[in-house]
Amino acid sequence: MRMNQAISAAIADEMRANPDVIVLGEDVAVAEGPFKTSAGLLEEFGPLRVRDTPISEMGFLGAAVGAAATGLRPVVEIMFVEFLGVALDQLSTEGAKFHYLSGGQVTVPLTVRASVGAGLGFGTQHSQTLESWVVGTPGLKLAVASGPATAYGLMRAAIRDDNPVVVLEPRRLYAQREEVTTGEAGIIALGQARQAASGDDATVVALGSTVGTATEAAADGSWSADVIDLQSLQPWDQDLVYASVARTGRLVTVEENPLSGGWGADVVAAVAADLFGELKAPPLRITAPDVPVPFGKELEERYMPSSAYVGEQITELLDTGRVPPPWWQREENTL
């Protein structure tokens with residue numbers, strides 16, 4: 001399947017299994033989603049369960065929070081993650097807090113999907129990842145797909161969860177194809193990472209689109225690494241990451257987000273606090289620079305960490321035992 005097909009399949013399987021699952025969003029019904037991630041849903045399940053909404057994220061996300069609190073399981077599509085900004089109050093102040101405020105009497109089984117990331121020339125206002133908007137809000141869970149199989153498995157787990165879950169989908173992966181295990185066997189537990197590659201020199205923790213980047217870099221052959229696809233950021237799988245770092249002695253995170261406030265800072269802080277004595281070198285974060293995502297193709301490609309850049313950074317870490325400066329600092333110092 002392509003990743004967009006896997007997402008449609010996951011939602012359809014949950015809608016067949018549970019009549020309380022409904023779908024809301026802009027152009028999700030008749031047009032089958034702007035990225036065809038709800039293809040076939042309207043035809044099979046009808047307009048009561050698959051509903052096009054007005055262009056009002058605050059309105060339809062608020063409606064979904066209320067629907068979830070009263071027994072339904074809404075799946076809400078936010079076309080670009082930036083559009084979540086106008087509805088964050090509904091998600092982070094309302095939906096994320098109902099269970100706590102009600103003393104556990106009210107659950108909010110809400111799934112919020114959003115396309116994220118650079119690489120397709122959508123420009124600075126439609127190319128961010130913005131995990132930081134979600135990961136710091138108690139009451140929310142956060143998962144990020146890295147391909148068709150993880151998109152299917154994480155989506156089904158999110159819809160079944162009794163808490164509000166945000167699932168981020170790197171849009172440059174929508175056309176990626178791979179074998180997908182469907183049905184119960186394909187479901188991936190939230191909070192569970194997977195090891196995408198094995199090696200001895202470092203533990204490389206990646207997320208979403210950077211999983212493929214890190215795996216490609218590790219396949220170069222000059223060094224080997226455990227490449228870990230976190231799959232979930234809230235909660236994240238400390239057991240798998242810690243076990244790997246304790247064996248390799250080195251930690252690298254590969255992030256599409258900017259350096260400041262990136263998710264890798266939490267992983268590095270936890271490992272440094274709990275496994276300091278096991279480390280052979282300081283942790284390395286490979287990120288994008290602290291600038292808006294450029295529109296121009298060459299600039300956008302420079303902005304995102306490439307497999308070649310990841311390979312260079314890790315090679316220097318292994319050779320020197322020191323964290324190399326990021327490319328933008330190195331180039332600034334040569335001007």
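Where a number appears in this text, it was derived from the coordinates with a stated rule and is not lab data. Bear in mind the structure is a predicted one, so any value in this text is a computation, not a measurement. With ideal geometry, Cβ positions are generated from the backbone for all residues, glycine too; neighbour counts draw on all protein chains shown.
A few remarks follow.
- Taking the number of Cβ atoms within 10 Å of each Cβ as an exposure proxy, the fewest-first ranking of THR215, THR111 is THR215, THR111.
- Its alpha carbons give the chain an Rg and a Dmax of 19.9, 62 Å.
- Whichever aspartates and glutamates have a C-alpha closer than 17 Å to that of LYS297, once near sequence neighbours (fewer than 8 apart) are set aside: GLU256
- Those aspartates and glutamates that a straight Cα-Cα span of less than 14 Å connects to LYS141, excepting residues fewer than 8 apart in one chain: GLU131, ASP161, ASP162, ASP237
- Along the chain, longest interval not containing exposed GluC sites (Glu not before Pro), exposed being DSSP loop plus at most 14 other Cβ atoms within 10 Å: 1-177
- Calculated SAXS-style log₁₀ I(q)/I(0) at q = 0.17, 0.20 Å⁻¹ - region 194-334, Debye, Cα scatterers: -0.89, -1.24
- Of the beta bridges in region 123-229, as assigned by DSSP with both residues counted there, near 25 percent are antiparallel.
- Centroid-to-centroid separation of region 91-170 and region 241-270 [C-alpha atoms, Å]: 21
- Degrees separating the helix 264-274 axis from the principal Cα axis of the chain, which is the longest one: 60
- Sorted by Cβ density within 10 Å, fewest first, the residues ILE314, ILE22, ILE7, ILE55: ILE55, ILE22, ILE314, ILE7
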